[in-house]
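Enquirer: Structure in structure tokens, see below.
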Amino acid sequence: MSSTEQTILALRAQLDEHNHRYYVMNEPSIPDAEYDRLFYELKALEEKHPEFASPDSPTQRVGAQPSSAFAPIRHKVPMLSLDNVFSDEEFEAFIQRIQERLQSASMPAMAVEPKLDGVAVSLFYENGRLSYAATRGDGETGEDITHNVRTIKSIPLKLQGNGFPAELEVRGEVVMPHAAFKELNAEAEKNGLKVFVNPRNAASGSLRQLDPAVTAKRGLRFYAYSVGFYAKGKLPSAHSGVLARLREYGLPTSPELRCCKTLQECQEYYGELADKREGLAYDIDGIVYKVDDFALQQELGFVSRAPRWAVAFKFPAQEAVTRLNDVDFQVGRTGAVTPVARLEPVFVGGVTVSNATLHNM
Ligand code: IVH
């Protein structure tokens, strides 16, 4: 076996393991940025060496297998993923590709919104009543979480007004706001229970409770970001119009939604939101840019797991993995001893970190 093939197999095994820990056990062991790094390393290798491609590769699917605790629900339209970009250059190349495909000299209007760091959920309304809710699962089949979703107060059980399609699948993100997350972990710590590593993990765990009364206490919120399947009714012909319509139906959408007409506007929005990020009530991990006009979206189409008409521009990672080289014990003037970690320098949150105080053992 060549060393490239070995690397590919090792990366696949690692990613499978992390996927399992994340989606099935609800217990991630590495930061998302580290997962992304491994994922893109594998993706790049597979693109360079198509002879080692495999339909079983983690790059070839959207999420992980749904767990068996909840009944499976097959999505009427697959729930896909988004490609990521991490720099202005990559973002410009994305816009460039769109213009080339559309043979257009200018950028099409882009609908722009925060990438909420929560759990993707699909809500199915029949004649305006919430009939079931599902997780994304592997993109084709999700888990039935209707009972838990019904406890989330920002999700209407009945749509407002009339004129909505008789069958309407709304998609969006369930997030746990920071305040609720802090409270939940403080409570867990007090009771000697396991704490959640981040709000998204806590949101995911809360949605997969067997007892909806537990979910109800977790302070979850929902924001709609698109429509999946719909029938027996009409909707506007652009993403921004659909979101406005969802708001009229009583569904919450992100207040940060904007339409950008130029590359410069797109970049300004990125800067604005990056500044706002700290102050928001919930986690966002980037910005999603979508071609607004559905006719153009259709013309652009999809590649394997992601649309060509949308991209996630990720913020720089806030977490990273590095090696702990040593621990020094500093003695302060009062005699207090502080252990200090000496780290292999690592770039995170826009700075290089090589030391960290460890406030206790
Ligand atoms: S649109 C085909 N919009 O990001 C387009 N997704 O990486 C699919 N997400 O599964 C999604 N905020 O859970 C979209 N404003 C937003 C989003 C968003 C968060 C999540 C969503 C999706 C994942 C894709």
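A short reminder: the numbers here are calculations on the coordinates, not readings from a lab. This is a predicted model, so every value here is computed, not measured. Glycine also receives a Cβ, built like all others from the backbone with ideal geometry; neighbour counts cover every protein chain displayed.
Enquirer: Could you work out how much longer the chain between Glu189 and Val340 gets when fully extended? Use 0.36 nm per residue separation minus the Cα distance between them, nm to one decimal.
Expert: On the way: separation 151, 0.36 × 151 = 54.36 nm, distance 2.45 nm.
This chain segment gains 51.9 nm when fully extended.
Enquirer: Another question, if that's okay. Considering the Cα trace of the stretch 45-188, what is its radius of gyration and what is Dmax, both in angstroms?
Expert: 19.4, 56
Enquirer: To continue, here is another question. Nearest 10 degrees is fine. How inclined is helix 3-19 to the longest principal axis of the chain, computing both from alpha carbons?
Expert: With both axes taken from Cα atoms, the answer is about 80 degrees.
Enquirer: Is it possible to state the helix-based mean residue ellipticity at 222 nm for the chain, with each DSSP H run of 4+ residues giving -39500 (n - 2.57), the sum divided by total residues, to the nearest 500 deg cm²/dmol? What is it? Walk me through the numbers before you get to the answer.
Expert: Numbers: 10 runs with 111 residues, N = 361.
It lands at -9500 deg cm²/dmol.
Enquirer: Calculate the FRET efficiency for Asp328 and Arg37 from the Cβ-Cβ distance with a Förster distance of 22 Å, rounded to the nearest 0.05.
Expert: On the way: r = 29 Å, r/R0 = 1.32.
The formula returns an efficiency of 0.15 here.
Enquirer: How high is the relative contact order of the chain, given as a whole-number percent (alpha carbon pairs under 8 Å, six or more residues apart)?
Expert: Numbers: 645 pairs, mean separation 71.0, N = 361.
It rounds to 20 percent for the chain.
Enquirer: Related question: Calculate one ³J(HN,Hα) per residue across the stretch 329-335 by plugging θ = phi - 60° into the Karplus curve 6.51 cos²θ - 1.76 cosθ + 1.60, and present them in order as whole Hz with x for glycine and proline.
Expert: The phi angles translate into 10, 9, 10, x, 4, 7, x Hz.
Enquirer: Next question. Viscosity 0.890 mPa s, temperature 25 °C: give me the Stokes-Einstein translational D for the stretch 229-297 in µm²/s, with Rh taken as the Kirkwood radius over C-alpha pairs.
Expert: Values: Rh = 14.0 Å.
Translational D for this selection: 176 µm²/s.
Enquirer: Quick one: what do you get for the stretch 222-355 if you divide its Cα Rg by 2.2 N^0.38 Å? Write out the running numbers ahead of the final one.
Expert: Numbers: Rg = 22.3 Å, N = 134, 2.2 N^0.38 = 14.1 Å.
For the stretch 222-355, the normalised Cα radius of gyration is 1.57.
Enquirer: State, to one decimal in nm², a quarter of the convex hull surface area for the C-alpha atoms of the stretch 150-218, i.e. the direction-averaged projected area.
Expert: Approximately 5.8 nm², given one-decimal rounding.
Enquirer: Place the peptides 344-357, 163-176 in order of packing, highest mean first, counting for every residue the other Cβ atoms within 10 Å and averaging per peptide. Could you put the intermediate results ahead of the total?
Expert: On the way: 344-357: 11.9, 163-176: 21.9.
Per-residue Cβ counts within 10 Å, averaged per peptide and sorted highest first, yield 163-176, 344-357.
Enquirer: Hey, another quick one. Starting from the Cα coordinates of the stretch 298-361, work out the convex hull volume and express it per residue in Å³. Display every interim value, and only then the final one.
Expert: On the way: hull volume 8.5 nm³, N = 64.
Measuring per residue, one finds 133 Å³ for the Cα hull of the stretch 298-361.
Enquirer: Once you have all Cα-Cα distances for the stretch 104-208, histogram them in 5 Å bins from zero and send the whole-percent values.
Expert: For the stretch 104-208, the pair-distance distribution reads 2, 11, 18, 17, 16, 14, 9, 6, 4, 2, 1, 0, 0.
Enquirer: Additional query: Can you tell me how much longer the chain between Ala179 and Leu210 gets when fully stretched, taken as 0.36 nm per residue apart minus their C-alpha distance, in nm with one decimal? Mind showing how you got there, number by number?
Expert: Numbers: separation 31, 0.36 × 31 = 11.16 nm, distance 2.36 nm.
Full extension from Ala179 to Leu210 adds 8.8 nm.
Enquirer: Run the quick spin-label model on Glu100 and Val351: label points 7 Å from Cα toward the beta carbon, then report their separation in nm to one decimal.
Expert: With each label point 7 Å from Cα toward Cβ, the separation is 4.0 nm.
Enquirer: If I model the chain as equal point scatterers sitting on the Cα atoms and use the Debye formula, what is log10 I(q)/I(0) at q = 0.12 Å⁻¹?
Expert: After summing over all Cα pairs, the log10 values are -1.01.
Enquirer: Relative to a virtual label point 7 Å from the Cα of Glu268 in the Cα→beta-carbon direction, which members of the stretch 85-113 show backbone nitrogen distances below 14 Å?
Expert: From the stretch 85-113, the list is empty.
Enquirer: Hey, what did the stretch 130-185 get for relative contact order, percent, Cα under 8 Å, at least 6 apart? Don't jump to the answer; show the numbers that get you there.
Expert: On the way: 25 pairs, mean separation 12.1, N = 56.
Relative CO of the stretch 130-185 lands at 22 percent.
Enquirer: Give the relative contact order (percent, whole number) for the stretch 207-279; include only Cα pairs under 8 Å separated by 6+ residues. Present the calculation step by step, with values, prior to reporting the outcome.
Expert: Numbers: 30 pairs, mean separation 18.0, N = 73.
Worked out over the stretch 207-279, it gives 25 percent.
Enquirer: With respect to the cross-link table entries Lys182/Lys217; Lys115/Lys290; Lys43/Lys290; Lys217/Lys276; Lys261/Lys290; Lys153/Lys290, which display a Cα-Cα separation exceeding 18 Å? Could you put the intermediate results ahead of the total?
Expert: Values: Lys182/Lys217 13 Å; Lys115/Lys290 11 Å; Lys43/Lys290 23 Å; Lys217/Lys276 28 Å; Lys261/Lys290 12 Å; Lys153/Lys290 28 Å.
From Lys182/Lys217; Lys115/Lys290; Lys43/Lys290; Lys217/Lys276; Lys261/Lys290; Lys153/Lys290, over 18 Å: Lys43/Lys290; Lys217/Lys276; Lys153/Lys290.
Enquirer: Okay, next question. What shape does the stretch 200-262 take by its C-alpha gyration tensor, where a ≥ b ≥ c are the square roots of the eigenvalues and a/c under 1.5 counts as rounded, a/b above b/c as prolate, and the rest as oblate?
Expert: Taking the square roots of the gyration eigenvalues as a ≥ b ≥ c, the stretch 200-262 is prolate.
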